[in-house]
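The values are calculated or read from the model by the stated rules, or taken from the named source; none is laboratory data. Note that this is a predicted model, so its numbers are computed, not measured. Note that each Cβ is placed from the backbone with ideal geometry, even for glycine, and that neighbours are counted across all protein chains shown.
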Amino acid sequence: MAKGKKKIYQKYEEELPEKLLEETKKETKDLNQKQTEKVMEEVLKEYKKRQVEPGEAAGAIAAQSIGERATQMTLKTFHVAGLSEGVSVVQGLPRLEELIETRKTPKKEVCRIRPKKEIEKNKEKVVKIAKKIEETKTNDIGKVEEDLVEEKIIIKPDMEKIEKLGIEMNEIAEKIKEKIRRKPEKIEKDKIIFKPKASTLKSLRRYVEKAENTRIIGIEGIEKATLVEKEENGETRYEIHTDGSNLKEVLKTDDIDPEKTDSNSIPEIYKTLGIEATRKMLYKELMEITEEYNINKRHILLISDALTRSGRPTPIGRHGISGEKESVLARAAFEEQIKHLLKAAQKGEKDELKGVAENIIVGNPIPVGTGMVDLRIDLEKQKN
Amino acid sequence: MNKASVYLDGSLIGFHEEPEEIAEEIRGKRRRGELPKTLTVSNYDNSVYINTDKGRAIRPLIIVEDGKPKLTEEHIEKVKKDEMSFEDLFKNGIIEYLDAEEEENAYIAMEEEELTEEHTHLEIHPTLSLGIPSAVNPYPEHSHSVRTAKGDSMMRQAMGLYSPTTNIRTDTQGYYLFYPQKPLTGTKYDEKAGLTTRPIGQNFVVAIMPYRAYNIDDAIILNKGSVERALSRGSYLRTYSSKERRYAAGQRDRFEIPTEEVQGYRGEEEYTHLGEDGIANPETEVEAGGVLIGKTSPPRFLEETSELTPMEEKRKEDSKTTRPNAAGKVDWVMATEDENGSRLVKVRTRKTMPPLVGDKFAARSGQKGVVGLIEDEEDLPWSENGIQPDMIFNSHAVPSRMTVGHLLEAIGSKKASIEGEKTDGTAFEGEPKEKLEETLEKHGFRPTGKEIMYDGKTGRRIEAKIFVGVVYYERLEHLVSKKIRARSTGPVQILTRQPTEGRSRKGGLRIGVMERDCLISHGASMLLQERLMDESDETIQYVCESCGSIAVKNQIKGETYCESCGSKEVEKVKMSYTFKLLLNELKSIGIKPKLGLRDKA
């Protein structure tokens, strides 16, 4: 690189963010010094134009931007139902509420599993993974019978089903053994017999129930795994979408791409991947819902930031952001006034009047926009 | 086990194995006259519902059996000759009443020709499936039903001659139109519905065109000449009443002109228009808030009569005044007695209300609008025949609303005004469009209703042909003069010292939370400060510097001090009165708030 050009770039190092500088460097590769200088000037100008001005009420604008569209969503919510995604997902306003309130139990949890790159176009192999993931209980592959006379329980798997899933009789016996803590008495070709020491009918039945609900293969909580076709660059690749989610275990599975696999359950992402991933996921999900409403992504970024700022997903509302505000007056203005005021009195809290709500209550100009600036007299100059 | 439940007026009275059978049997009894004709029975969802209570809309239908209506020419002849009454038709099981619930079990044919074996009933006439407002609406089947429904509901708000005895009525308030007219395009039901004796509007000559941007967004333009000739002019009547109440110890109110001694005396001029009896003379002007009935009340507590003036009782002024914003002329005075024998006086005021810019007008097909301009007559366009419209209506209001009935009414009434005969616009059988066009053509008009018009301002011919017709327009009771309001300063609420709310209280317009949020978003901090503080409940309070509580000022001595700690180091602080109130309320729940003071910036 020419020395002059390097100097130009250096000049802008402080003012432009790294990523933007890198990008402009790449774009101005073929330009001469003079042109580069001009481009850089223009880039800086445009960059400055896009910065938020000091005192801008970014939060209020973000809230209004989303709120306005949300009112429209209430009318549209019930229209979009069951696309060809295989697994139906909660959409529209209910989902938006779910995300913003960072609810502990989302209505429909879905894991979106991307197989490894080598096999993602191979339908058979992907199906195999799906079968392995889907939670299959004894009940799903056969019957459990009780023999009251001999005090036995007999497991009779459907041979066709087992063969399809590729399970051996031994495996079934092993799993049930683990669950009911009794050794199998006999393993025959098409049935397994257990003889637990159960003297009463009630206790025998309990064993039967336990055996029925034993997970033979799959991951706990994954009720259904569906194959989803995706077109990419003219080629079809396959993804697995699951009903129910258990990201922690899913990520341990072989033959999947853990980097591209995710879940729509925010609490689960937080538990397994941490707060940064939660922030990114919130942003992604919010963008997806509001896609057709064309909301500027900066508002959504701000909201995802606000929701994860404290290091854990914090809901908006009484138990979250609004209930944890610094100012007593602002908290009391929102909900549960008496509770907040009494608690503040007990602690002897002091309100510094830094926020918007408390200044409105007191009757001061709010520290936003034109209220941020003040006139002062330069005493030094007065002297002369 | 699976017996059908039987309900009488909503309460379960028993079970029956054959719901169809029992329902049929009850119906049969009703048709034979053994049960009241207003009783209805319906069966669905394995239940039988019998209804006899009040408040169900019921309507008559001809009973059909085996595809043949029970009503024959013979019956009609008999009814015509008065040998049979309508009532007899019920008794003989020819006609019966159905309510909405029983209609669910019926299959009703609109016309006799449509009848099949499956039908159970036949409409007496197709228009009987409509309510009264829809039935008197011309050509409703040509408009979208929603528009017709809107037009129907607006009829209820129309100014008209709502009672022939308006001049001796004492309704709290009412409007009446000076020159109500019968609609030129009417229906067969007009007379029965009372539209001919108590009309609700006038026939306007309407030109349909945009007019110099004054009829944007459903606005309409009125002809000033027509308005001056009392087009849609009306009166607003309001009645005030007052009683001579009796109290303990033989005291009572008195209708009289209050004297100067009376507590709360308003000043001499306020009572000049009252007669000797203290009641306003008819046909005198009364201002808003002016006295209508002069009245004095005895003092509330007898002790108030001080010992120094033993015999003199100080009476209180308790006159009845007109409402704020409601000036007018005294129209009528009625003096009578109430059930206790106390004197009761009612005074009715009247105010003429010519149409103003902002008043609401509507046609019966749901085309409503607000007056945007009252244009000088000489500036309005005129047609070849020299006819100028009473109203200009914007053509853009038609396509999206599909109110074809409105346009049909226009040419219908146009035809009627040429021929001198009412046009029939009854639903489903109104005079067809082709016939109207034919008649128009016969009299030398264009069959489309369009006419060549000339601009009133330039005198030039308007390039497009303008559709001109006559439409029955109602003036609705939403008058601007009853709604307009503005405030600079005015009364405040006692508790919060914020401006009052509502027009009658001279209130301001509220900056709500959403408006507040918008100002925050804009960063318009100073504007927000002005609306919420400076122009609202700003107050200056004294705050004690040492203990932080609100201090007081002794106005006589002119000194300020803190009542809770006695300190005299007190500062003036600007705050909202509601905040001061909040501090007081906090004290009431056992919290002592302290204010820390700091020099501003």
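What the table below lists for this structure:
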read-out: Some residue of the stretch B:509-527 being away from chain A (no Cβ under 12 Å) and either surrounded by 19 or more Cβ atoms within 10 Å (Cβ to Cβ) or under 23 Å from the mean Cα position of the chain (by Cα) (or both); value: yes
read-out: Residues located in the stretch A:56-74, provided they are more than 16 Å from B:Glu515 (Cα to Cα) and surrounded by fewer than 16 Cβ atoms within 10 Å (Cβ to Cβ); value: A:Ala58, A:Thr71, A:Gln72, A:Thr74
read-out: Filter result (among the small types (Gly, Ala, Ser) and at the interface with chain B (Cβ under 7 Å from one of its Cβ atoms)) within the stretch A:356-367; value: A:Gly363
read-out: Residue in the stretch B:348-358 that is polar (S, T, N, Q), surrounded by 22 or more Cβ atoms within 10 Å (Cβ to Cβ) and in contact with a Leu (Cβ under 8 Å, 6 or more places away or on another chain) present; value: yes
read-out: Cβ-Cβ under 6 Å pairs, at least 6 apart or on other chains, the stretch B:188-203 side part of a helix (DSSP H, G or I), far side of a type in the set (Ser, Thr, Tyr); value: B:Asp190/B:Thr196
read-out: Every pair of residues 6+ apart whose Cβ atoms lie under 8 Å, when the first sits in the stretch A:328-357 and is farther than 15 Å from B:Leu595 by Cβ and assigned to a loop (DSSP other than H, G, I, E, B) while the second is modelled with pLDDT under 90 and hydroxyl-bearing (Ser, Thr, Tyr); value: A:Glu335/A:Ser322; A:Lys354/A:Ser327; A:Gly355/A:Ser327
read-out: Pairs where the first residue, in the stretch B:12-26, is closer than 12 Å to B:Asn43 by Cα and the second is part of a loop (DSSP other than H, G, I, E, B), C-beta under 8 Å, 6+ apart; value: B:His16/B:Lys3; B:Pro19/B:Asn46; B:Ala23/B:Asn105; B:Ile26/B:Leu35; B:Ile26/B:Leu39
read-out: Sole residue being out of contact with any Ser or Thr (no Cβ under 7 Å at 6 or more places or on another chain), modelled with pLDDT of 75 or more and part of a strand (DSSP E or B), chosen from A:Arg205, A:Arg237; value: A:Arg237
read-out: Total residues in the stretch A:189-199, condition out of contact with any helix residue (DSSP H, G or I) (no Cβ under 8 Å at 6 or more places or on another chain) and not in a strand (DSSP E or B); value: 4
read-out: Any chance B:Arg531 is within 11 Å of chain A (Cβ to nearest Cβ) and more than 52 Å from the chain's Cα centre (by Cα); value: no
read-out: Residues being in a helix (DSSP H, G or I) and charged (D, E, K, R) - total across the stretch A:373-384; value: 3
read-out: Within the stretch B:549-601, considering residues that are assigned to a strand (DSSP E or B) and within 12 Å of chain A (Cβ to nearest Cβ), the one surrounded by the fewest Cβ atoms within 10 Å (Cβ to Cβ); value: B:Lys574
read-out: Single condition A:Glu53 does not satisfy, out of (1) surrounded by 12 or more Cβ atoms within 10 Å (Cβ to Cβ); (2) of a type outside the set (Gly, Ala, Ser); (3) closer than 30 Å to B:Arg516 by Cα; value: (1)
read-out: Qualifying residue in the stretch A:287-299 (condition: touching a helix residue (DSSP H, G or I) at 6+ places or on another chain (Cβ under 8 Å), within 14 Å of chain B (Cβ to nearest Cβ), surrounded by 18 or more Cβ atoms within 10 Å (Cβ to Cβ) and assigned to a helix (DSSP H, G or I)); value: yes
read-out: Of the criteria (1) in a loop (DSSP other than H, G, I, E, B); (2) at the interface with another protein chain (Cβ under 7 Å from one of its Cβ atoms); (3) β-branched (Val, Ile, Thr), which one A:Thr370 fails; value: (1)
read-out: Of the criteria (1) outside any strand (DSSP E or B); (2) surrounded by 13 or more Cβ atoms within 10 Å (Cβ to Cβ); (3) more than 43 Å from the chain's Cα centre (by Cα), which one A:Lys210 fails; value: (3)
read-out: Residue within the stretch B:72-84 that is of a type in the set (S, T, N, Q) and either outside any loop (DSSP other than H, G, I, E, B) or under 30 Å from B:Leu476 (Cβ atoms) (or both) present; value: no
read-out: Condition check for B:Val48: assigned by TED's automatic domain parsing to the domain that holds B:Ala23 and in contact with a helix residue (DSSP H, G or I) (Cβ under 6 Å, 6 or more places away or on another chain); value: yes
read-out: Residue in the stretch B:415-422 that is buried (at least 21 other Cβ atoms within 10 Å of the Cβ), modelled with pLDDT under 95 and in a loop (DSSP other than H, G, I, E, B) present; value: no
read-out: Residue in the stretch A:313-324 that is within 14 Å of chain B (Cβ to nearest Cβ) and surrounded by 18 or more Cβ atoms within 10 Å (Cβ to Cβ) present; value: no
read-out: So A:Thr278, is it polar (S, T, N, Q), modelled with pLDDT of 80 or more, assigned to a helix (DSSP H, G or I) and within 30 Å of A:Glu174 (Cβ to Cβ); value: no
read-out: Out of B:Glu474, B:Glu437, B:Glu441, sole residue that is assigned to a helix (DSSP H, G or I) and surrounded by 15 or more Cβ atoms within 10 Å (Cβ to Cβ); value: B:Glu437
read-out: Pair list, Cβ under 9 Å, 6 or more apart: the stretch B:438-465 residue at positive phi, other residue charged (D, E, K, R); value: B:Gly449/B:Lys414; B:Gly449/B:Glu437
read-out: Verdict on A:Lys339 being more than 10 Å from chain B (Cβ to nearest Cβ) and surrounded by fewer than 16 Cβ atoms within 10 Å (Cβ to Cβ); value: yes
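Residues checked against (1) among the polar types (S, T, N, Q); (2) within 15 Å of B:Phe90 (Cα to Cα); (3) assigned to a helix (DSSP H, G or I):
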residue: B:Val6; (1), (2), (3): no, no, no
residue: B:Leu12; (1), (2), (3): no, no, no
residue: B:Phe15; (1), (2), (3): no, no, no
residue: B:Ile22; (1), (2), (3): no, no, yes
residue: B:Glu25; (1), (2), (3): no, no, yes
residue: B:Leu35; (1), (2), (3): no, yes, no
residue: B:Val41; (1), (2), (3): no, no, no
residue: B:Ile50; (1), (2), (3): no, no, no
residue: B:Arg56; (1), (2), (3): no, no, no
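Conditions (1) under 17 Å from B:Val347 (Cβ atoms); (2) hydrophobic (A, V, I, L, M, F, W, C); (3) at pLDDT 85 or above; (4) surrounded by fewer than 19 Cβ atoms within 10 Å (Cβ to Cβ), marked per residue:
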position: B:Tyr247; (1), (2), (3), (4): no, no, no, yes
position: B:Arg254; (1), (2), (3), (4): yes, no, yes, yes
position: B:Asp277; (1), (2), (3), (4): yes, no, yes, yes
position: B:Val286; (1), (2), (3), (4): yes, yes, yes, no
position: B:Leu292; (1), (2), (3), (4): yes, yes, yes, no
position: B:Lys295; (1), (2), (3), (4): yes, no, yes, no
position: B:Glu304; (1), (2), (3), (4): no, no, no, yes
position: B:Thr309; (1), (2), (3), (4): no, no, no, yes
position: B:Lys314; (1), (2), (3), (4): no, no, no, yes
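Let's see how each residue does on (1) buried (at least 17 other Cβ atoms within 10 Å of the Cβ); (2) outside any strand (DSSP E or B); (3) in the same structural domain as B:Ile63 (by TED's automatic domain parsing); (4) free of Cβ contacts under 8 Å to residues at least 60 places away in the same chain:
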residue: B:Thr116; (1), (2), (3), (4): no, yes, yes, yes
residue: B:His119; (1), (2), (3), (4): yes, yes, yes, yes
residue: B:Ser134; (1), (2), (3), (4): yes, yes, no, no
residue: B:Arg147; (1), (2), (3), (4): yes, yes, no, no
residue: B:Lys150; (1), (2), (3), (4): yes, yes, no, no
residue: B:Ser153; (1), (2), (3), (4): no, yes, no, yes
